[in-house]
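Bear in mind that the values in this text are calculations on the coordinates, not laboratory data. Here the structure is a predicted model, which is why all the values come from computation and not from measurement. Every residue, glycine among them, receives a Cβ derived from its backbone with ideal geometry; neighbour counts consider all protein chains shown.
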Amino acid sequence: MSKQTISRRQFVAVAGATGAALALGFDTLEALTAKVAPGRPAPGGWTPNLWLTVEPDGTVTIVSAKSEMGQGVWTAMPMIVAEELDADWSTVRVVRTPTNGKYRTGTGGSTSTRTSFTPLRQAGATARAMLVAAAAARWGVPAAQCTTEPGVVVHAASNRRATYGELAALAAQQPVPAGEVPLKDPSRFRIVGRSTPRLDIPDKVHARPMFGIDVRVPNMLVASVARCPVFGGSLRSVDDAKARAVTGVRQVVKLDAIERSLPARVAVLADDTWAAMKGRDALVVSWDPGPSGSYSTAAANAGYHGRVNDDGAAGLTASQGTVRAAGAGETLVEAIYEYPLLAHAPMEPMNCTADVRTDGIEIWAPSQSPDSIRTEVAQRFRVSPDAVTVHCTFLGGGFGRRSQTDFAIEAVELSKAAGRPVQVIWSREEDIRNGFYRVDGIQRMRAVLDAGGRIVSWEDRAVGPSLEAYAFPQRDNGEGGGRGGMGGRHFDAARPPQYDIPNYRVDMVFVPSPVPIWFWRSVANSQDGYCNEAFLDECVRAAGKDPVQYRLDMLGGNRRAQAVIRLAADKAGWGSPLPKGHGRGFAYYDYDGTLVAQVVEAQVGADGKVKVSRVVCGFDCGQLVNPDTVVAQVEGAIGWALSAALYGEITVVNGAVQQSNFTDYKVVRMNEMPKVEVHLVENHEAPTGVGEPGVPAFAPALLAAIHDATGKRIRRLPIGEQLKDRAAASE
């Protein structure tokens, strides 16, 4: 009997599938490798468009162009197609699109459903119309007399029925309908809008799917990389003698820095991960810190405060009317809010596998932007995009980090140097110390309240680095102190207020930073929601008004916004008494059309520790696709936001990140997670985003709850130990 080494994941896969660990044989590495590539429809199937295939046995294969990173898109996209196709859901399977330039594969910004909903409905409806036409032609009856049931075309008058599989070949001969075909009235939906078990869960429970970290290809080496700890630093020297002496180490490769993406590096390539890591640890490396060697976040923060009143450097973001000082009988409210750098820290560390051959480059990547990988690899390594194949695996979390391409570029660099496939595995420490970060900064808020307590003038100035300028340098038009021109849409904090305020000015003082920054779950909304809503609570208190009613009054005729605010307040029992030492806070946020209202209940102990006991969320994202997934995403977003509010902070000293793992970059533990109640608004409005909108309202609602409980106003995140001295003077 031959001996075969298996991984823990392979063992779990078999044990989970059979109930007995020794009941079945194990997959070979070749078989596991084959599972990485997206499945393709069976030969003989009918493919009316890019999005689906009806196979002869009636199986409906639906293609998803969006990366599955736990958000449920692997199920939501097929649900949309299947609804209009009128498919039998039990026959539906899903495969990943190839990365070939024909599909828009970018996944992020909570845009998957919003941008895909109508095109996918049209794809399903068009295929359904062609199946009906095929049945009508077979039976010699008008198509208008035919209807569909799940997976079947029916001619009721003659009691004839034909399955989609039986009609597939004939449907292929029908002309594609000209123009857009009629879509279902949403009141007739039977799939969309109903909670549906996710298609990826059974495979994940049985450890069958392939995440990037699971990829194995023949003749593959594993790389572990020592990276310059200082942003923009370079390699002085390396002694690799001890590394090369480690059993299993095959090669040591020096890699130059790539501007804006990757630092100077030394990679150790070995037969397995352990040998590669041991080899990396044995390297004796000397780094040159370069010009960023004196950079620190503490000094940067002081610099932000030093420039907050620099009117001459402030680039206008948006304005209306004329902002002004407080007049007689009016009240001026002002505050400065601070927010830190934050890491993404997805649970699956960054990784990628690449195979550079003479006939092309093949890449296996857990990516939010496989098209970007394909394009950048082709440009950087001077090959045709058609010579680059990207297999997008499942992602163990993305949060924006995996929309970058650095981890894929590095794998290609090393495969080219080694002349064989190479998998790069990042450690947790590398991921936190050498990644990309949510931007830090401050915002100065000012408001003038009239005698009745209503805001009549609003000013918001952000000071700090610009994500927009970093991510889109080619779009920089010199306006706004170096921010890129985006035609009114931007990725930096300081945005127009979401309430009916007659006079406002929103601007930004751009301060360059050597820290690589990137999109972080909810992007600038995480800062904008925190600053705007926390400051609004200060205005509410100064006016002596109720936080919920104040918002309702300021939203004028926006009935959807008012409805979601009332929903959250009513479900939370707003205004009901709480125990001593407990507080309740409220916040509302409009995230690109997704309306979110949150009530947070929290307690601050005598030791200053904050315990969030309950979060009630009203959530209106338009037409729901899979309500169960929506609830899960909102719950996850609240947990994410809680971690950031309590603990999240990346600090830099002498150009190097000080945090390294979850020991010092903390996330909430299970016993810290509050009871979360998500109340969904059901309507048939155009669908909007789900994955990110639950983040922005949480921090300000928590800070309002803390103020309600203690009288102390927190204006700097994370909260940390700011409440340790409960006797501190309030406000």
Could you tell me whether region 179-327 comes out rounded, prolate or oblate from its Cα gyration tensor? Rule is a ≥ b ≥ c as square roots of the eigenvalues, rounded for a/c under 1.5, then prolate if a/b exceeds b/c, otherwise oblate.
oblate
The simple spin-label model distance between Arg669 and Ala542, using points 7 Å out along Cα→Cβ, in nm, is 4.1
Return the distance in nm (one decimal) between the two label points of a simple spin-label model at Arg188 and Ala451, each offset 7 Å from Cα along Cα→Cβ.
6.1
For Gly232, what charge total do you get from the other residues with a beta carbon under 15 Å from its beta carbon, if Lys and Arg give +1 and Asp and Glu give -1?
+1
Would you kindly calculate the translational diffusion coefficient of region 46-205, applying Stokes-Einstein with the Kirkwood radius from alpha carbon pairs, for 10 °C and a viscosity of 1.306 mPa s, and quote it in µm² s⁻¹ without decimals?
98
Towards the positive end of the charge dipole of the chain, with charges on Cβ (+1 Lys, Arg; -1 Asp, Glu), say which of Asn661, Val268, Met347 has the farthest Cα.
Val268
Check the straight Cα-Cα distances from Lys545 and name the aspartates and glutamates below 14 Å, setting aside those fewer than 8 residues away within the same chain.
Asp450, Asp537, Asp553, Asp708
Distance between Cα centroids, region 525-549 to region 57-78: provide it in whole Å.
40
How large are Rg and Dmax for region 570-710 when calculated on the C-alpha trace, in angstrom?
16.3, 53
About the Cα centre, charge dipole magnitude for the chain (Lys/Arg +1, Asp/Glu -1 at Cβ), debye
920
Do you know the relative contact order of the chain, to the nearest whole percent, from alpha carbon pairs under 8 angstrom that are 6+ apart?
14
Taking Cα atoms of region 272-397, Rg/Rh with Kirkwood Rh, to two decimals?
1.17
Order of 707-714, 173-180 by packing, highest average Cβ count within 10 Å first?
707-714, 173-180
Do the alpha carbons of any pairs in Lys580/Lys712; Lys66/Lys254; Lys609/Lys666; Lys580/Lys611 sit beyond 25 Å of each other, and which pairs?
Lys66/Lys254
Step through the residues of region 544-549 one at a time and calculate ³J(HN,Hα) from phi using the Karplus curve (6.51 cos²θ - 1.76 cosθ + 1.60, θ = phi - 60°), rounding each to whole Hz and writing x for Gly and Pro.
x, 10, 7, x, 6, 5
Assuming 0.36 nm per residue, please report the length gained on full extension of the stretch Arg244 to Asp607 beyond their Cα-Cα distance.
125.5 nm
Please find the FRET efficiency linking Ser294 to Trp274, where r is the Cβ-Cβ separation and R0 is fixed at 45 Å, and quote it to the nearest 0.05.
0.75
Express in whole angstrom the spacing between the alpha-carbon centres of region 589-631 and region 103-144.
35
Taking Cα pairs closer than 8 Å and at least 6 residues apart, the relative contact order of region 46-205 in percent is 28
Distance from region 669-704 to region 413-441 (C-alpha centre basis), Å:
32
Report the full-extension gain for the segment Ala157 to Ala313: residue separation times 0.36 nm, less the Cα-Cα distance, to one decimal in nm.
48.6 nm
So how much slack lies between Glu429 and Ser286, counting 0.36 nm per residue of separation and subtracting their Cα-Cα distance, in nm?
49.6 nm
Net charge around Ser116, counting only other residues with Cβ within less than 11 Å of its Cβ (Lys, Arg = +1; Asp, Glu = -1)?
+4
Excluding Val599 itself, calculate the net charge of residues whose Cβ lies under 14 Å from the Cβ of Val599, where each Lys or Arg counts +1 and each Asp or Glu counts -1.
-1
Set the Förster distance to 25 Å, then compute FRET efficiency between His305 and Leu332 from the Cβ-Cβ distance, nearest 0.05.
0.80
Please report the antiparallel percentage of the DSSP beta bridges confined to the chain, to the nearest 5.
75
Bridge orientation stat for region 46-205 from DSSP, antiparallel percent rounded to 5, came to 70
Over the chain: Kirkwood hydrodynamic radius from C-alpha pairwise inverse distances, Å:
27.9
Starting from region 222-270, pick out the trypsin sites (Lys or Arg not before Pro) whose DSSP state is loop and whose Cβ has at most 13 other Cβ atoms within 10 Å.
Arg260
Go ahead and estimate [θ] at 222 nm for the chain from helices alone: -39,500 (n - 2.57) per DSSP H run with n ≥ 4, summed, over the residue count, rounded to 500.
-8500 deg cm²/dmol
